[in-house]
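Rule-based calculations on the coordinates, nothing more; no lab input. None of the values given here were measured: they were computed from a predicted structure.
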Amino acid sequence: MFFEEFLKKNRNKILGYLMLSEMLNNPEAMETPLPQAFLSDERLETLKRWLEDCMPLHNMIADLRDWDIHLAEGLGDEWYFEAVFGAESSIESWAEDLSDFFIRICDEYNLDYNQGSDHEEFENIVFEEALLFLKEWRYNVFKRAEKALYISNILKKLDNTDLFELEDAFKDTIKKISKEDEDEDDSHNLFRTGEVNTSESLESEIMQKTIFELKEITETALSGDDSSLANAWEEICVQIQYEESVCWDVYDQTVRGIVAGHVEELSEEDKIELWAETDNGGEWFYDQGGETAQGPPICEDDIVDYIIKEYLYKEAGDWSNKRIRAFLDQQYLKNK
């Protein structure tokens, strides 16, 4: 892949940054690329639009676009590009700026997102939405740019094709390729925390990947022509938050199939770490008393059940956006 080739070609330069960061005790020695210092106004606007197209759609923060409110205009270019390309350790700071901006817009336009929560609780909810928005946005940018740059690198050899012109001309193709290659590697962790080292981050990683894939499923039972729901993930959310439909088993089996696929790709070491968190795994390790002559009898189904129950469906129970709220309101009104 093009991104991997870039890393290979710049291996020693990146190593130099790493060594310098260790010597300075500064894990963020690499400066954030700020395009406004190098691009013309026209090219800068093209890049902004491209990045905006990568923004997640199913999030409270994404509702701002429905009001024609753009983050680059409201928060400035420096915030905009730092939020996308800046250090992972600073993402909470950018999320705080974003949540403050969202609440300010709500107050200015009298948008009723609070729905009875006290001010502090509402601030916490918006911050979590802002943080998730930035994480998904970074992931979308990484995946989409990786594919676009790869294809652009090939076509430039033929006719000097420009990245953003390529994106316009081959948008549907790139989108399709990105989806097909979605589970080729574990690049999702690159946009979040770098290398995954703990079982907790593995669980969250699989959860986020599963949510991303469920959002790609748009032709399902509940999202008919008259439905406000956009995809299978939103349909799962409303069933968790309201009641299960007659098709629930199909949704559940779909979720289990996706999660099982990601679990199967894990290393044996990662599977052991995750299985130790399950009821059966924890009981087995407890019975062994820390001493065993052979490896643990890992059951991947236990891991799948654990991730779905303790992570994915709990996330679905808390997930909200305007489509989910509209659907739930409609159901409550029908049953009054």
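Taking square-rooted eigenvalues a ≥ b ≥ c of the alpha carbon gyration tensor, is the range 42-98 rounded, prolate or oblate, where a/c under 1.5 means rounded and, failing that, a/b exceeding b/c means prolate? Kindly include the intermediate steps, with their values, before the conclusion.
Working: a/c = 1.65, a/b = 1.10, b/c = 1.50.
Oblate, because a/c is 1.5 or more while a/b does not exceed b/c.
Using the Karplus relation 6.51 cos²θ - 1.76 cosθ + 1.60 with θ = phi - 60°, the per-residue 3J(HN,Hα) values for the range 101-113 come to 5, 5, 5, 5, 5, 4, 5, 5, 9, 6, 7, 8, 9 Hz, with x marking Gly and Pro.
A simple rule links phi to the HN-Hα coupling: the Karplus curve 6.51 cos²θ - 1.76 cosθ + 1.60 with θ = phi - 60°, which for the range 134-145 gives 5, 5, 5, 4, 4, 5, 4, 4, 4, 5, 5, 5 Hz, with x for Gly and Pro.
For the pairs Lys48/Lys135; Lys135/Lys209; Lys143/Lys209; Lys48/Lys209; Lys143/Lys309; Lys143/Lys215, note any where the Cα-Cα span goes beyond 23 Å. Lys48/Lys209; Lys143/Lys309, as the Cα separations exceed 23 Å there. Quick one: plug the Kirkwood hydrodynamic radius of the range 199-334 (C-alpha pairs) into Stokes-Einstein at 4 °C, 1.567 mPa s, and report D in µm²/s. In µm²/s, the coefficient is 80.
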